[in-house]
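Working notes for the structure below.
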Amino acid sequence: MSDLTCDVLVVGGGPGGYPAAIRAGQLGLDTIIVDKDGWGGTCLNRGCIPSKAFIHAADKFAEMRHHAYSPALGISLSAAPELDMKGLVAWKDEIVGKLTGGVEQLLKAAGVNAISGWAEFEDAKTCTVTLEDGSTRKITARNVILATGSVEVELPFLPFGGKVIGSTGALDLDTLPEKLVVVGGGYIGLELGIAYRKLGSEVTFVEALDRILPVYDKELTRPITRWLKDNGVTVHTSSKAKGLVEDGGKTFLEYENPKGETERLEADNVLVAVGRKPLIKGWGLEKMGIPNDGKFIQVNERCETGMRGVYALGDLTGEPLLAHRATAQGERVAEIIAGHKTAFDPVAIAAVCFTEPEVVGVGFTPDEAKEQGETVITGKFPLAANGRYLSMEGGADGGFVRITARESDHVILGIHAVGKHVSELSGEFALAMEMGARLEDIAGTVHVHPTLTEGLAEAALAALGHPIHISAPKR
(Lines give C-alpha, C1' and ligand atoms only; values in the text may rest on other atoms or scores of the structure.)
Protein backbone atom coordinates (compact mmCIF):
# COMPACT_ATOMS: atom_id res chain seq x y z
CA MET A 1 0.00 0.00 0.00
CA SER A 2 1.24 3.47 -0.86
CA ASP A 3 2.41 5.98 1.72
CA LEU A 4 0.01 8.77 2.71
CA THR A 5 0.41 12.48 3.30
CA CYS A 6 -2.12 14.87 4.83
CA ASP A 7 -2.67 18.29 6.31
CA VAL A 8 -3.77 16.89 9.68
CA LEU A 9 -3.10 13.53 11.29
CA VAL A 10 -5.12 12.76 14.41
CA VAL A 11 -3.89 9.87 16.55
CA GLY A 12 -6.69 8.66 18.81
CA GLY A 13 -10.38 8.40 18.01
CA GLY A 14 -11.80 9.30 21.42
CA PRO A 15 -13.85 12.31 22.54
CA GLY A 16 -10.93 14.63 21.79
CA GLY A 17 -9.61 13.06 18.61
CA TYR A 18 -12.73 12.44 16.55
CA PRO A 19 -14.24 15.94 17.09
CA ALA A 20 -10.83 17.38 16.09
CA ALA A 21 -10.87 15.31 12.92
CA ILE A 22 -14.47 16.17 12.08
CA ARG A 23 -13.88 19.89 12.60
CA ALA A 24 -10.68 19.77 10.54
CA GLY A 25 -12.58 18.04 7.75
CA GLN A 26 -15.34 20.63 7.91
CA LEU A 27 -12.71 23.35 7.51
CA GLY A 28 -11.42 21.78 4.31
CA LEU A 29 -8.24 20.25 5.70
CA ASP A 30 -7.07 16.91 4.31
CA THR A 31 -7.42 14.85 7.48
CA ILE A 32 -6.55 11.31 8.57
CA ILE A 33 -7.50 9.81 11.93
CA VAL A 34 -6.00 6.60 13.32
CA ASP A 35 -7.33 4.50 16.19
CA LYS A 36 -7.10 0.82 17.04
CA ASP A 37 -9.68 0.31 19.77
CA GLY A 38 -12.93 1.64 18.33
CA TRP A 39 -14.23 5.05 17.28
CA GLY A 40 -15.28 7.04 20.30
CA GLY A 41 -12.35 5.87 22.40
CA THR A 42 -12.56 4.83 26.03
CA CYS A 43 -15.44 7.22 26.71
CA LEU A 44 -17.82 5.69 24.20
CA ASN A 45 -16.61 2.09 24.19
CA ARG A 46 -15.46 1.38 27.75
CA GLY A 47 -16.21 4.40 29.93
CA CYS A 48 -18.73 7.26 29.98
CA ILE A 49 -21.49 5.81 27.81
CA PRO A 50 -21.46 2.11 28.77
CA SER A 51 -21.13 2.95 32.46
CA LYS A 52 -24.13 5.29 32.33
CA ALA A 53 -26.15 2.63 30.50
CA PHE A 54 -25.14 0.16 33.21
CA ILE A 55 -26.10 2.64 35.94
CA HIS A 56 -29.48 3.27 34.30
CA ALA A 57 -30.22 -0.46 34.15
CA ALA A 58 -29.26 -0.81 37.81
CA ASP A 59 -31.56 2.09 38.72
CA LYS A 60 -34.48 0.52 36.88
CA PHE A 61 -33.88 -2.89 38.46
CA ALA A 62 -33.70 -1.37 41.95
CA GLU A 63 -36.91 0.60 41.40
CA MET A 64 -38.80 -2.47 40.20
CA ARG A 65 -37.54 -4.51 43.13
CA HIS A 66 -38.66 -1.75 45.49
CA HIS A 67 -42.17 -1.79 44.01
CA ALA A 68 -42.29 -5.58 44.39
CA TYR A 69 -41.43 -5.50 48.08
CA SER A 70 -42.85 -2.10 49.08
CA PRO A 71 -45.66 -0.84 46.82
CA ALA A 72 -45.46 2.91 46.24
CA LEU A 73 -46.98 5.55 43.96
CA GLY A 74 -49.92 3.24 43.54
CA ILE A 75 -47.63 0.77 41.79
CA SER A 76 -46.98 -2.77 42.92
CA LEU A 77 -45.46 -5.84 41.28
CA SER A 78 -46.67 -9.36 41.94
CA ALA A 79 -43.12 -10.71 41.80
CA ALA A 80 -39.63 -9.36 42.12
CA PRO A 81 -37.73 -8.69 38.87
CA GLU A 82 -35.11 -11.12 37.66
CA LEU A 83 -31.67 -10.01 36.52
CA ASP A 84 -30.00 -11.38 33.40
CA MET A 85 -26.46 -9.99 33.44
CA LYS A 86 -25.75 -11.23 29.93
CA GLY A 87 -28.86 -9.42 28.72
CA LEU A 88 -27.84 -6.23 30.53
CA VAL A 89 -24.36 -6.34 28.95
CA ALA A 90 -25.83 -7.05 25.52
CA TRP A 91 -28.17 -4.03 25.83
CA LYS A 92 -25.23 -1.87 26.89
CA ASP A 93 -23.17 -3.11 23.94
CA GLU A 94 -26.03 -2.37 21.54
CA ILE A 95 -26.05 1.28 22.62
CA VAL A 96 -22.27 1.48 22.24
CA GLY A 97 -22.50 -0.09 18.79
CA LYS A 98 -25.02 2.47 17.60
CA LEU A 99 -22.88 5.37 18.79
CA THR A 100 -19.57 4.06 17.44
CA GLY A 101 -21.24 3.50 14.09
CA GLY A 102 -22.55 7.04 14.25
CA VAL A 103 -19.05 8.43 14.85
CA GLU A 104 -17.74 6.52 11.85
CA GLN A 105 -20.48 8.01 9.66
CA LEU A 106 -19.76 11.53 10.95
CA LEU A 107 -16.07 11.13 10.09
CA LYS A 108 -16.98 9.93 6.63
CA ALA A 109 -19.42 12.81 6.11
CA ALA A 110 -16.69 15.28 7.02
CA GLY A 111 -14.35 13.76 4.45
CA VAL A 112 -11.98 12.29 7.03
CA ASN A 113 -9.94 9.20 6.16
CA ALA A 114 -10.49 6.92 9.16
CA ILE A 115 -7.88 4.18 9.51
CA SER A 116 -8.18 1.39 12.05
CA GLY A 117 -4.73 0.53 13.37
CA TRP A 118 -1.92 1.35 15.77
CA ALA A 119 0.28 4.36 15.00
CA GLU A 120 3.93 4.53 16.04
CA PHE A 121 5.99 7.65 15.32
CA GLU A 122 9.53 7.62 13.96
CA ASP A 123 9.76 11.41 14.17
CA ALA A 124 7.42 14.30 15.00
CA LYS A 125 5.50 14.23 11.72
CA THR A 126 5.85 10.65 10.45
CA CYS A 127 4.34 7.45 11.78
CA THR A 128 3.85 3.87 10.70
CA VAL A 129 0.39 2.41 11.20
CA THR A 130 0.01 -1.32 11.77
CA LEU A 131 -3.36 -2.28 10.30
CA GLU A 132 -5.72 -4.99 11.53
CA ASP A 133 -4.44 -7.47 8.93
CA GLY A 134 -0.83 -6.95 10.06
CA SER A 135 0.20 -4.83 7.10
CA THR A 136 1.69 -1.38 7.61
CA ARG A 137 1.24 2.07 6.13
CA LYS A 138 3.40 5.17 6.56
CA ILE A 139 1.76 8.55 7.08
CA THR A 140 3.45 11.95 6.94
CA ALA A 141 1.51 14.99 8.09
CA ARG A 142 1.99 18.76 8.13
CA ASN A 143 0.22 18.89 11.48
CA VAL A 144 -0.22 16.19 14.12
CA ILE A 145 -2.85 16.08 16.87
CA LEU A 146 -2.05 13.65 19.68
CA ALA A 147 -5.19 12.39 21.43
CA THR A 148 -4.25 8.96 22.75
CA GLY A 149 -6.24 9.36 25.96
CA SER A 150 -5.66 7.44 29.17
CA VAL A 151 -5.74 3.95 30.65
CA GLU A 152 -6.75 2.48 33.98
CA VAL A 153 -4.14 2.53 36.73
CA GLU A 154 -3.15 -1.02 37.62
CA LEU A 155 -1.80 -1.78 41.08
CA PRO A 156 1.31 -4.00 40.99
CA PHE A 157 0.01 -6.11 43.88
CA LEU A 158 -3.47 -6.39 42.32
CA PRO A 159 -2.86 -6.89 38.58
CA PHE A 160 -5.92 -7.17 36.37
CA GLY A 161 -6.93 -10.71 35.56
CA GLY A 162 -9.06 -13.45 37.04
CA LYS A 163 -11.12 -12.06 39.89
CA VAL A 164 -9.38 -8.67 39.80
CA ILE A 165 -11.09 -6.34 37.36
CA GLY A 166 -10.92 -2.72 36.32
CA SER A 167 -13.82 -0.52 35.30
CA THR A 168 -13.80 -2.02 31.79
CA GLY A 169 -14.10 -5.53 33.16
CA ALA A 170 -16.81 -4.44 35.59
CA LEU A 171 -19.01 -3.49 32.64
CA ASP A 172 -18.66 -6.90 31.00
CA LEU A 173 -19.28 -9.42 33.80
CA ASP A 174 -21.74 -12.10 32.70
CA THR A 175 -22.59 -13.12 36.27
CA LEU A 176 -23.43 -10.90 39.22
CA PRO A 177 -20.79 -11.14 41.99
CA GLU A 178 -22.36 -11.98 45.33
CA LYS A 179 -19.55 -10.11 47.10
CA LEU A 180 -17.80 -7.21 45.38
CA VAL A 181 -14.91 -5.33 46.97
CA VAL A 182 -14.04 -1.99 45.40
CA VAL A 183 -10.55 -0.60 45.89
CA GLY A 184 -10.84 3.16 45.50
CA GLY A 185 -13.46 5.64 46.70
CA GLY A 186 -13.25 8.05 43.78
CA TYR A 187 -15.94 8.72 41.22
CA ILE A 188 -15.32 5.61 39.07
CA GLY A 189 -15.38 3.21 42.00
CA LEU A 190 -18.37 4.91 43.61
CA GLU A 191 -20.43 4.96 40.42
CA LEU A 192 -19.90 1.28 39.64
CA GLY A 193 -19.98 0.08 43.23
CA ILE A 194 -23.35 1.78 43.82
CA ALA A 195 -24.70 0.31 40.59
CA TYR A 196 -23.68 -3.20 41.65
CA ARG A 197 -25.30 -2.68 45.05
CA LYS A 198 -28.55 -1.77 43.29
CA LEU A 199 -28.28 -4.97 41.26
CA GLY A 200 -27.99 -6.98 44.47
CA SER A 201 -24.26 -7.44 45.17
CA GLU A 202 -22.86 -7.06 48.67
CA VAL A 203 -20.43 -4.17 48.17
CA THR A 204 -17.52 -3.02 50.32
CA PHE A 205 -15.15 -0.12 49.63
CA VAL A 206 -11.50 0.16 50.65
CA GLU A 207 -10.18 3.74 50.35
CA ALA A 208 -6.68 4.88 51.30
CA LEU A 209 -7.75 8.45 52.10
CA ASP A 210 -9.86 9.46 55.07
CA ARG A 211 -13.05 9.96 53.06
CA ILE A 212 -14.73 9.17 49.75
CA LEU A 213 -14.78 11.54 46.76
CA PRO A 214 -12.07 13.81 48.17
CA VAL A 215 -12.37 16.24 45.23
CA TYR A 216 -15.73 17.36 46.65
CA ASP A 217 -16.32 18.96 50.04
CA LYS A 218 -17.97 17.02 52.84
CA GLU A 219 -21.26 18.91 52.54
CA LEU A 220 -21.63 17.61 48.98
CA THR A 221 -20.67 14.03 49.75
CA ARG A 222 -22.79 13.72 52.90
CA PRO A 223 -25.93 12.55 50.99
CA ILE A 224 -23.87 9.89 49.21
CA THR A 225 -22.37 8.68 52.47
CA ARG A 226 -25.90 8.49 53.88
CA TRP A 227 -27.10 6.41 50.90
CA LEU A 228 -24.21 3.99 51.30
CA LYS A 229 -24.99 3.52 54.98
CA ASP A 230 -28.73 3.16 54.43
CA ASN A 231 -28.14 0.53 51.75
CA GLY A 232 -25.74 -1.64 53.68
CA VAL A 233 -22.53 -0.62 51.92
CA THR A 234 -19.46 -0.71 54.15
CA VAL A 235 -16.71 1.84 53.55
CA HIS A 236 -13.25 1.33 55.05
CA THR A 237 -11.42 4.67 54.84
CA SER A 238 -7.77 5.29 55.76
CA SER A 239 -7.23 1.68 54.69
CA LYS A 240 -4.76 0.31 52.15
CA ALA A 241 -5.32 -2.74 49.95
CA LYS A 242 -2.44 -5.23 50.06
CA GLY A 243 -3.34 -8.13 47.76
CA LEU A 244 -5.40 -11.27 47.24
CA VAL A 245 -5.14 -14.49 49.20
CA GLU A 246 -6.84 -17.85 48.66
CA ASP A 247 -7.95 -19.68 51.77
CA GLY A 248 -10.30 -22.63 52.06
CA GLY A 249 -11.46 -22.33 48.47
CA LYS A 250 -12.42 -18.68 48.93
CA THR A 251 -10.79 -15.47 47.76
CA PHE A 252 -10.02 -12.62 50.12
CA LEU A 253 -8.68 -9.12 49.74
CA GLU A 254 -6.20 -8.29 52.46
CA TYR A 255 -6.02 -4.67 53.55
CA GLU A 256 -4.35 -2.62 56.24
CA ASN A 257 -6.79 -0.84 58.56
CA PRO A 258 -6.16 2.59 60.13
CA LYS A 259 -4.43 0.90 63.09
CA GLY A 260 -1.94 -0.82 60.81
CA GLU A 261 -3.54 -4.23 61.31
CA THR A 262 -4.15 -6.62 58.43
CA GLU A 263 -7.75 -7.65 57.81
CA ARG A 264 -9.56 -9.67 55.16
CA LEU A 265 -12.65 -9.20 52.99
CA GLU A 266 -14.15 -12.11 51.09
CA ALA A 267 -14.67 -11.26 47.42
CA ASP A 268 -16.04 -12.89 44.31
CA ASN A 269 -14.53 -9.98 42.40
CA VAL A 270 -12.24 -7.11 43.34
CA LEU A 271 -12.78 -3.93 41.34
CA VAL A 272 -9.66 -1.76 41.28
CA ALA A 273 -10.66 1.83 40.54
CA VAL A 274 -7.80 4.04 41.70
CA GLY A 275 -7.70 6.40 38.76
CA ARG A 276 -6.45 6.73 35.21
CA LYS A 277 -3.13 7.75 33.68
CA PRO A 278 -2.24 9.20 30.25
CA LEU A 279 -1.33 6.72 27.53
CA ILE A 280 2.12 8.07 26.70
CA LYS A 281 3.94 4.80 25.97
CA GLY A 282 3.92 2.50 22.98
CA TRP A 283 3.37 4.99 20.17
CA GLY A 284 6.77 6.66 19.86
CA LEU A 285 6.53 9.80 21.98
CA GLU A 286 10.20 9.48 22.87
CA LYS A 287 11.10 9.89 19.17
CA MET A 288 9.08 13.06 18.65
CA GLY A 289 11.20 15.53 20.60
CA ILE A 290 8.25 16.80 22.61
CA PRO A 291 8.82 18.15 26.14
CA ASN A 292 6.87 16.37 28.86
CA ASP A 293 7.09 15.96 32.59
CA GLY A 294 7.08 12.18 32.47
CA LYS A 295 3.34 11.96 33.03
CA PHE A 296 1.69 14.65 30.93
CA ILE A 297 2.59 16.38 27.67
CA GLN A 298 3.10 20.09 28.23
CA VAL A 299 0.91 22.38 26.10
CA ASN A 300 -0.06 26.06 26.03
CA GLU A 301 -3.54 27.62 25.65
CA ARG A 302 -3.49 26.68 21.95
CA CYS A 303 -2.71 23.05 22.84
CA GLU A 304 0.67 23.43 21.11
CA THR A 305 3.51 21.21 22.28
CA GLY A 306 7.18 22.19 22.16
CA MET A 307 7.37 20.89 18.57
CA ARG A 308 6.00 23.15 15.84
CA GLY A 309 2.90 21.72 14.19
CA VAL A 310 2.34 19.08 16.89
CA TYR A 311 -0.60 19.49 19.23
CA ALA A 312 -1.82 17.43 22.19
CA LEU A 313 -5.16 17.38 23.95
CA GLY A 314 -7.38 15.54 26.39
CA ASP A 315 -6.04 13.27 29.10
CA LEU A 316 -2.51 13.49 27.66
CA THR A 317 -2.31 17.10 28.81
CA GLY A 318 -3.27 16.79 32.46
CA GLU A 319 -6.17 17.34 34.79
CA PRO A 320 -9.08 17.37 34.65
CA LEU A 321 -9.33 14.06 32.79
CA LEU A 322 -12.77 14.77 31.35
CA ALA A 323 -14.23 13.82 27.97
CA HIS A 324 -15.92 17.18 27.44
CA ARG A 325 -12.65 19.01 28.07
CA ALA A 326 -11.00 16.91 25.38
CA THR A 327 -13.84 17.58 22.93
CA ALA A 328 -13.59 21.33 23.39
CA GLN A 329 -9.81 21.20 22.96
CA GLY A 330 -10.16 19.11 19.80
CA GLU A 331 -12.49 21.60 18.15
CA ARG A 332 -10.23 24.54 19.03
CA VAL A 333 -7.08 22.81 17.74
CA ALA A 334 -8.65 22.10 14.35
CA GLU A 335 -9.65 25.76 14.07
CA ILE A 336 -6.16 26.90 15.10
CA ILE A 337 -4.58 24.73 12.41
CA ALA A 338 -7.03 26.23 9.90
CA GLY A 339 -5.80 29.70 10.82
CA HIS A 340 -8.55 30.86 13.15
CA LYS A 341 -7.61 33.17 16.01
CA THR A 342 -8.85 31.12 18.96
CA ALA A 343 -7.58 29.31 22.03
CA PHE A 344 -8.72 26.85 24.68
CA ASP A 345 -9.28 29.12 27.66
CA PRO A 346 -12.42 28.17 29.59
CA VAL A 347 -13.34 29.97 32.80
CA ALA A 348 -14.18 26.66 34.46
CA ILE A 349 -15.14 23.11 33.49
CA ALA A 350 -18.02 21.30 35.16
CA ALA A 351 -17.52 17.80 36.55
CA VAL A 352 -20.22 15.26 37.35
CA CYS A 353 -20.23 12.14 39.50
CA PHE A 354 -23.10 9.77 38.64
CA THR A 355 -23.45 8.34 42.12
CA GLU A 356 -26.60 8.03 44.24
CA PRO A 357 -27.40 10.84 44.45
CA GLU A 358 -25.51 12.59 41.65
CA VAL A 359 -22.99 15.37 42.28
CA VAL A 360 -22.09 18.23 39.95
CA GLY A 361 -19.68 21.08 40.47
CA VAL A 362 -18.06 23.93 38.56
CA GLY A 363 -15.71 26.60 39.88
CA PHE A 364 -14.70 27.17 43.49
CA THR A 365 -16.34 25.77 46.59
CA PRO A 366 -16.76 28.34 49.38
CA ASP A 367 -13.59 27.13 51.12
CA GLU A 368 -11.57 27.12 47.90
CA ALA A 369 -12.70 30.68 47.11
CA LYS A 370 -11.64 31.83 50.57
CA GLU A 371 -8.26 30.17 50.08
CA GLN A 372 -7.90 32.33 46.96
CA GLY A 373 -8.37 35.40 49.11
CA GLU A 374 -12.01 36.05 48.16
CA THR A 375 -14.66 37.29 50.54
CA VAL A 376 -17.76 35.37 49.56
CA ILE A 377 -21.46 34.99 50.11
CA THR A 378 -23.27 31.72 49.52
CA GLY A 379 -26.80 30.64 48.82
CA LYS A 380 -28.10 27.12 49.35
CA PHE A 381 -31.48 25.79 48.25
CA PRO A 382 -32.68 22.38 49.49
CA LEU A 383 -34.21 20.43 46.62
CA ALA A 384 -36.83 19.09 49.04
CA ALA A 385 -38.52 22.45 48.46
CA ASN A 386 -38.59 21.97 44.67
CA GLY A 387 -41.86 20.69 43.22
CA ARG A 388 -40.28 18.86 40.31
CA TYR A 389 -37.83 17.15 42.64
CA LEU A 390 -40.62 15.89 44.89
CA SER A 391 -42.56 14.64 41.87
CA MET A 392 -39.55 12.47 40.98
CA GLU A 393 -39.44 10.92 44.48
CA GLY A 394 -36.65 13.23 45.60
CA GLY A 395 -36.57 15.23 48.78
CA ALA A 396 -35.44 12.69 51.32
CA ASP A 397 -31.88 12.35 50.05
CA GLY A 398 -30.56 15.67 51.30
CA GLY A 399 -30.07 17.12 47.83
CA PHE A 400 -29.39 20.83 47.34
CA VAL A 401 -28.02 23.50 45.00
CA ARG A 402 -25.32 25.80 46.34
CA ILE A 403 -23.95 28.95 44.75
CA THR A 404 -20.83 30.86 45.79
CA ALA A 405 -20.29 34.49 44.79
CA ARG A 406 -17.89 37.31 45.51
CA GLU A 407 -19.42 39.58 48.13
CA SER A 408 -18.30 42.86 46.59
CA ASP A 409 -19.79 42.50 43.10
CA HIS A 410 -21.84 39.27 43.28
CA VAL A 411 -19.87 37.62 40.46
CA ILE A 412 -20.42 33.87 40.67
CA LEU A 413 -17.29 31.92 41.62
CA GLY A 414 -18.73 28.43 41.86
CA ILE A 415 -21.92 26.37 41.66
CA HIS A 416 -22.39 22.90 43.14
CA ALA A 417 -25.29 20.52 43.58
CA VAL A 418 -26.09 17.05 44.84
CA GLY A 419 -29.32 15.17 44.18
CA LYS A 420 -31.33 13.15 41.69
CA HIS A 421 -30.64 14.10 38.06
CA VAL A 422 -28.62 17.21 38.98
CA SER A 423 -26.13 16.25 36.27
CA GLU A 424 -28.63 17.80 33.84
CA LEU A 425 -28.02 21.18 35.50
CA SER A 426 -24.31 21.14 34.64
CA GLY A 427 -24.76 23.00 31.36
CA GLU A 428 -26.48 25.96 33.01
CA PHE A 429 -23.89 25.99 35.78
CA ALA A 430 -21.01 26.07 33.28
CA LEU A 431 -22.70 28.72 31.12
CA ALA A 432 -23.19 30.99 34.12
CA MET A 433 -19.50 30.74 34.95
CA GLU A 434 -18.35 31.18 31.36
CA MET A 435 -20.49 34.29 30.87
CA GLY A 436 -19.28 35.88 34.10
CA ALA A 437 -22.80 35.91 35.53
CA ARG A 438 -23.72 37.68 38.74
CA LEU A 439 -26.29 36.52 41.25
CA GLU A 440 -28.76 39.05 39.87
CA ASP A 441 -28.38 37.56 36.37
CA ILE A 442 -29.43 34.12 37.57
CA ALA A 443 -32.14 35.37 39.91
CA GLY A 444 -33.53 37.62 37.18
CA THR A 445 -33.69 34.90 34.54
CA VAL A 446 -37.17 33.35 34.32
CA HIS A 447 -36.68 29.65 34.97
CA VAL A 448 -39.24 27.13 33.74
CA HIS A 449 -41.65 25.70 36.30
CA PRO A 450 -41.65 22.92 37.32
CA THR A 451 -38.00 22.05 36.69
CA LEU A 452 -34.89 21.44 38.74
CA THR A 453 -33.37 24.59 37.24
CA GLU A 454 -35.54 26.61 39.62
CA GLY A 455 -33.20 25.39 42.35
CA LEU A 456 -30.35 27.45 40.88
CA ALA A 457 -32.47 30.60 40.77
CA GLU A 458 -33.56 30.04 44.36
CA ALA A 459 -29.95 29.49 45.46
CA ALA A 460 -29.05 32.83 43.86
CA LEU A 461 -31.97 34.49 45.65
CA ALA A 462 -30.85 32.90 48.91
CA ALA A 463 -27.36 34.37 48.43
CA LEU A 464 -29.01 37.77 47.88
CA GLY A 465 -31.00 37.29 51.07
CA HIS A 466 -34.54 36.98 49.73
CA PRO A 467 -35.46 33.47 48.50
CA ILE A 468 -39.11 32.78 47.74
CA HIS A 469 -39.61 29.12 48.50
CA ILE A 470 -37.55 28.78 51.69
CA SER A 471 -37.14 31.05 54.67
CA ALA A 472 -34.68 33.88 54.20
CA PRO A 473 -31.25 33.08 55.70
CA LYS A 474 -30.13 35.10 58.69
CA ARG A 475 -27.26 37.52 57.99
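The values are calculated or read from the model by the stated rules, or taken from the named source; none is laboratory data. Every value quoted in this text rests on a predicted model; they were computed, and no experiment measured them. Reconstructed Cβ throughout: ideal geometry from the backbone, glycine too, with neighbour counts over all protein chains shown. Heavy atoms of the whole protein, side chains included, go into the accessibility calculation; ligands, DNA and RNA do not. Shrake-Rupley method; radii C 1.70, N 1.55, O 1.52, S 1.80 Å.
Over region 315-444, Cα pairs under 8 Å with separation of 6+ residues give a relative contact order of 25 percent. The residue list 248, 224, 184 was ranked by how far each Cα lies along the charge dipole of the chain toward its positive end, using unit charges on Cβ atoms, and 224 comes out on top. The trypsin sites (Lys or Arg not before Pro) found in region 221-268 that occupy coil by DSSP, while having at most 11 further C-beta atoms within 10 Å, are 259.
Charge dipole (Cα centre; +1 on Lys/Arg Cβ, -1 on Asp/Glu Cβ; no other charges) of region 286-344 amounts to roughly 140 debye. Both numbers refer to the Cα atoms of region 160-235; Rg and Dmax are 12.3, 38 Å.
For region 154-300, what is the relative contact order in percent, using Cα pairs closer than 8 Å and at least 6 residues apart in sequence? Rounded, it is 28 percent for region 154-300.
When the charge dipole of the chain is built from unit charges on Cβ atoms (+1 for Lys and Arg, -1 for Asp and Glu) and taken about the Cα centre, the candidate among 159, 392, 103 whose Cα reaches farthest toward its positive end is 392. Its residues counted as N, region 194-247 yields a C-alpha radius of gyration over 2.2 N^0.38 Å of 1.26. Extension gain, residue 424-residue 446: 0.36 nm per intervening residue step, less the Cα-Cα distance, totals 6.1 nm. The local environment of residue 331, defined by Cβ-Cβ distances under 12 Å, has a net charge of +2 under the rule Lys, Arg +1 and Asp, Glu -1. In this structure the amide hydrogen of residue 38, modeled in the peptide plane, comes within under 5 Å of no amide hydrogen from residues 5 or more places off or on another chain. Remark: the residue 231-residue 471 segment gains 83.2 nm on full extension, using 0.36 nm per residue and subtracting the alpha carbon distance. Entry note, region 12-54: relative contact order of 44 percent, from Cα contacts under 8 Å with a spacing of 6+ residues. What the phi angles of region 319-333 give under the Karplus curve with 6.51, -1.76 and 1.60, with θ = phi - 60°, is a coupling list of 5, x, 7, 10, 4, 5, 5, 4, 4, 4, 4, x, 5, 5, 4 Hz, glycine and proline written as x. Which percent, nearest 5, of DSSP beta bridges in region 180-270 are antiparallel? Among the beta bridges of region 180-270, antiparallel pairing accounts for roughly 55 percent. Could you give P(r) for region 121-204, binned at 5 Å from zero, as whole percent values over all Cα-Cα pairs? For region 121-204, the binned pair fractions read 3, 11, 17, 16, 10, 8, 9, 11, 9, 5, 1 percent.
Distances between every pair of Cα atoms in region 2-161, grouped in 10 Å steps from 0 to the bin holding the largest one, split as 10, 29, 26, 17, 11, 6, 2 percent.
Taking each DSSP H run with n ≥ 4 as -39500 (n - 2.57) and averaging over every residue of the chain yields -9000 deg cm²/dmol at 222 nm. For the chain, excluding the exposed loop sites themselves (GluC sites (Glu not before Pro), DSSP loop, at most 16 other Cβ atoms within 10 Å), the longest remaining stretch covers 302-392.
Placing unit charges on the Cβ atoms only, positive for Lys and Arg and negative for Asp and Glu, gives region 198-309 a dipole magnitude near 480 debye about its Cα centre.
Could you please state, rounded to a whole Å, how far the C-alpha centre of region 155-215 is from the C-alpha centre of region 304-381? Region 155-215 and region 304-381 have Cα centres spaced 27 Å from each other. Taken about its Cα centre, the chain carries a charge dipole of roughly 340 debye when the Cβ of each Lys and Arg holds +1 and the Cβ of each Asp and Glu holds -1. When the charge dipole of region 244-344 is built from unit charges on Cβ atoms (+1 for Lys and Arg, -1 for Asp and Glu) and taken about the Cα centre, the candidate among 334, 297, 279 whose Cα reaches farthest toward its positive end is 334. Between residue 10 and 32, 33, 34, 145, the built amide H atoms are under 5 Å apart, and every one of these is 5 or more places off in sequence or on another chain. Cβ distances below 4.7 Å define possible disulfide partners, and in the chain the cysteines left without one are 6, 127, 303, 353. Of all DSSP-defined beta bridges confined to region 80-223, some 70% are antiparallel rather than parallel. With a 1.4 Å probe and every protein chain kept in, tell me what percent of the accessible surface of the chain is carbon plus sulfur. Ligands and nucleic acids excluded, carbon and sulfur reach 51 percent. Derived scalar couplings between HN and Hα for region 185-190 equal x, x, 5, 5, x, 5 Hz in order, rounded to whole Hz, by the Karplus curve 6.51 cos²θ - 1.76 cosθ + 1.60 (θ = phi - 60°), x for Gly and Pro. Calculate log10 I(q)/I(0) of region 324-466 for q = 0.16, 0.21 Å⁻¹, where I(q) comes from the Debye formula with a single equal point scatterer on each Cα and nothing for solvent. Debye intensities relative to I(0), on a log10 scale: -0.83, -1.22. Residues 75, 442 ordered from highest to lowest accessible area at a 1.4 Å probe: 75, 442. Region 53-127 and region 266-280 have Cα centres spaced 20 Å apart.
Highest mean packing first, where packing is the average number of other Cβ atoms within 10 Å per residue, the peptides 37-43, 67-73, 134-140, 161-167 line up as 37-43, 161-167, 134-140, 67-73. Calculated over the chain, the projected area of the Cα convex hull averaged across directions stands at 26.3 nm². The phi torsions of region 407-424, fed into the Karplus equation with coefficients 6.51, -1.76 and 1.60 and a -60° offset, translate into couplings of 5, 5, 10, 6, 5, 6, 9, x, 9, 9, 8, 9, x, 4, 6, 5, 4, 6 Hz, rounded to whole numbers, with Gly and Pro shown as x.
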